[in-house]
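Here is the structure we will look at, set down as structure tokens.
The values are calculated or read from the model by the stated rules, or taken from the named source; none is laboratory data. Only a predicted model underlies this, so the values are computations on that prediction, with no experimental measurement involved. Every residue, glycine as well, gets a Cβ built from its backbone with ideal geometry; the counts of neighbours run over all protein chains shown. In case anyone asks, the SASA skips ligands and DNA or RNA and just uses the protein heavy atoms, side chains included. Shrake-Rupley method; radii C 1.70, N 1.55, O 1.52, S 1.80 Å.
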Amino acid sequence: MKKLILFTGILFAQYLILGQSNLIPNPSFDSIIYCPAADCQIYLAKPWFQPLNYTGSTSGSSTSDVFDTCSNPLSVGIPTNEWGFQYTRTGKGYAGICLNFDTMNYREYIEVPLLSALLAGQTYCISFYVSRAEISKEATSNM
């Protein structure tokens, strides 16, 4: 069974000493190139992207998803989609990743370049909201 985790709401990283500046661009996956029509389209939420596989190509790499209120509720819509039902925490979008697929050692990831470089010696805090998809029969305690 495929386990899908939906990132709902604002994803942010902050450094704690000099202030509360969010280093994550497009943290609610609201800014999209065009309305997602199917799974595997995280690249529509620029600058988010799927990581490359060990050969340096996207073939066979993570197939992460972006969900949006403008999308078809039978695929990647909000609040209803092929994985179940989930409102956004904020905004009109969220991302989804698979943490395990049947007996395969398969994981999905999402990546984004930070708005500024991390500084050595600084303390950073990251937080995000997680929701297990209704069709997932399993969950993880190690996010």
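Out of A37, A45, one residue alone is within 15 Å of I24 (Cβ to Cβ) and at pLDDT 90 or above. It is A45. Only one of these is hydroxyl-bearing (S, T, Y), under 16 Å from the mean Cα position of the chain (by Cα) and modelled with pLDDT under 90: S61, S31. Name it. The conditions single out S61. When each of Y129, Y124 is tested for being at pLDDT 80 or above and open to solvent by 80 Å² or more (accessible area, probe 1.4 Å), the lone residue that passes is Y129.
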